[in-house]
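Shown next, in structure tokens, is the structure this report addresses.
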Amino acid sequence: MAQQEDVFKKIVSHCKEYGFVFPSSDIYDGLGAVYDYGQNGVELKNNIKQYWWQSMVLLHENIVGIDAAIFMHPTTWKASGHVDAFNDPLIDNRDSKKRYRADVLIEEQMAKYEDKIQKEIEKAQKRFGDSFDEAKFRATNERVLENQKKYDDLHHRFQEVMNAPGGIDLEGMKQIILDEGIVCPISGTRNWTDVRQFNLMFKTEMGSTADGASTIYLRPETAQGIFVNYLNVQKTGRMKLPFGIAQIGKAFRNEIVARQFIFRMREFEQMEMQFFIQPGTELDWFAKWKETRMKWHQNLGFGAENYRFHDHDKLAHYANAATDIEFHMPFGFKEVEGIHSRTNFDLSQHAKYSGKKIEYFDPETNESYTPYVIETSIGVDRMFLSIMCHSYEEQLLPDGQTRTVLHLPAALAPVKLAVFPLTKKDGMPEKAQEIINELRFHFNCKYEEKDQIGKRYRRMDAIGCPYCVTVDQQTLEDNTVTLRDRDTMEQKRVAISDLRSIIEDKVSITSLLKKLL
Ligand code: GAP
């Protein structure tokens, strides 16, 4: 675990050192859980967005895109339930003055029991080797049984307070924290305040005078921009059910506990798609979208074992099925995407609050009804983090040296080709520029002439550039260059005229999309 934490720290500093992610307002020591994307980060992020957008809008004839404003009419958030219910339970420690999410403190306590069980299992595994029977050990070992009971009891109590009939039981939650003896990690004390609900939406004012100004919110999800445009798109696009609306955009949440770098941010980006369907077909479509979305993730080649579904036990009152796609991050399996069957809740609520009829006339059945919705919702930043975590490697080379390399999927890499003149003379820089001038229209190229070739390769490995080309004396004679592959480090001599055809297919988003069909 400690080793994994070290790796994660290295990834965070690598992101900064190589221009992927900087703390926001860095010269003022940053702003909590807000980050900026640097020169390489923005390219990777744009490529992720393109991969998602094209897989939705290009590959599905019945999915179209929109780009709704961040500011929305305040009634939107009343209708969606966010004003009343988009809350996290928070608790303060009076001694350290630090604020925590009460549910997270309890979840961490459960994780401690799980860790203890896991450690016992690992110890026994080492002791007994191949003859180790985990199921039997779990059923008989006293320490495992004791911790399993503590875990089960706590899990049961936690479920009870979270699912209390009138909403989360805040007093019950505090009692669990006291009974479990959970202490503040900073002060080490149990001097806790009561648990309170905290609304996660950021508020601001629109209008110039205090009297005339009205409170508006920074959207906490992009989905509502799609729901309020359902009629506009359906009518102007003459869309027939089933059809989808996709959108990429910023969302804002005043997270109480913002941790793990870009995993939980206060300003982040979502890629959401609402798929409008006939009522009664939702569970079939839910299953189809689960499969489609998992395929999209696994298509990146990170290994099926690094993904899993986490079906929700507790469903929001408007949902009749929900699952998360989790990815194996250095800090455990974590949610990257949510897939939700949202019934007709959102459209019905907007119809009620706006007084507009929001329905679909089905020409096949001659009936009008409010469509049901399957939503797929993925965080760009979490996707970015999962790609970084999986691609980062500190590799020991056969000659005893090490290199840090990002094995980014070539189609997502910020720079696709680096071109180096071996030396700065004899017309080599000019020849290298000529190659770039020819290829820059097809993919992102970078020119580098500083330092020895070996150092230049290392710099390109560190930003995940899949191909490097070196222009040398022979190039000037026969128009060939050495082409080096990032992952294998193999070099081969190729004609300049062949470079485009060798590289383009491998680095294009199209190559990824074709594998999805
Ligand atoms: N419209 C549904 C919705 O917003 P969600 O599970 O709250 O559902 C969807 O969020 C996705 O947005 C998550 O799976 C995650 O990838 C991303 N996300 C949510 N909160 C985030 C945060 N504070 N920082 C970064 N990404 C976040």
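The values are calculated or read from the model by the stated rules, or taken from the named source; none is laboratory data. Just so we're clear, the structure is a prediction, and the values are computed from it rather than from any experiment. Using ideal geometry, Cβ is built from the backbone for each residue, glycine included, and neighbour counts are taken over all protein chains shown. For the accessible areas, the whole protein counts, side chains as well, though only heavy atoms, and no ligand, DNA or RNA atoms are used. Shrake-Rupley method; radii C 1.70, N 1.55, O 1.52, S 1.80 Å.
Values computed for the structure shown
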{"read-out": "Difference of contour (0.36 nm per residue) and Cα-Cα distance, residue 205 to residue 430", "value": "75.4 nm"}
{"read-out": "Backbone HN-Hα couplings from phi across region 86-97 [Karplus 6.51/-1.76/1.60, Hz, Gly and Pro as x]", "value": "8, 10, 10, x, 10, 9, 10, 9, 5, 7, 8, 6"}
{"read-out": "Mean separation of Cα contacts under 8 Å, 6 or more apart, over the residue count of region 397-516: relative contact order %", "value": "30"}
{"read-out": "Distant-in-sequence amide H partners of residue 343 (H built 1.01 Å from N, under 5 Å)", "value": "320, 373"}
{"read-out": "Whichever lysines have a C-alpha closer than 20 Å to that of residue 492, once near sequence neighbours (fewer than 8 apart) are set aside", "value": "416, 431, 446, 455, 506"}
{"read-out": "The chain - percent of accessible surface contributed by carbon and sulfur, probe 1.4 Å", "value": "49"}
{"read-out": "Tensor-based shape of the chain (alpha-carbon gyration tensor, a/c under 1.5 rounded, otherwise prolate or oblate)", "value": "oblate"}
{"read-out": "Residue 65 long-range amide H proximity, modeled H, under 5 Å", "value": "246"}
{"read-out": "Phi-based couplings in Hz for region 132-147 (Karplus 6.51, -1.76, 1.60; Gly and Pro marked x)", "value": "5, 10, 4, 4, 5, 4, 4, 7, 10, 5, 4, 5, 5, 4, 4, 6"}
{"read-out": "Radius 11 Å from Cβ of residue 222, net charge of other residues (Lys, Arg +1; Asp, Glu -1)", "value": "-3"}
{"read-out": "Sequence-distant aspartates and glutamates (8 or more away, or on other chains) whose Cα lies within less than 13 Å of residue 514", "value": "505"}
{"read-out": "Residue pairs, from the table 10/112; 288/352; 119/150; 424/450; 16/45, whose Cα atoms sit over 19 Å apart", "value": "10/112; 288/352"}
{"read-out": "Rounded if a/c under 1.5, otherwise prolate or oblate - region 217-306, Cα gyration tensor axes", "value": "oblate"}
{"read-out": "Residue 393-residue 127 FRET efficiency (beta carbon distance; Förster radius 35 Å; 0.05 resolution)", "value": "0.65"}
{"read-out": "Accessible heavy-atom area order of 375, 335, highest first, probe of 1.4 Å", "value": "335, 375"}
{"read-out": "Theoretical FRET efficiency, 1/(1+(r/R0)^6), r = Cβ-Cβ of residue 254 and residue 441, R0 51 Å, to 0.05", "value": "0.70"}
{"read-out": "Phi-based couplings in Hz for region 280-290 (Karplus 6.51, -1.76, 1.60; Gly and Pro marked x)", "value": "x, 9, 5, 6, 5, 5, 4, 5, 5, 5, 4"}
{"read-out": "Region 400-485: antiparallel DSSP beta bridges as a percent of all, rounded to 5", "value": "35"}
{"read-out": "Antiparallel bridge percentage (DSSP; both residues within the chain; nearest 5)", "value": "85"}
{"read-out": "Inter-part distance where region 271-347 and region 38-82 are each reduced to a Cα centre, Å", "value": "17"}
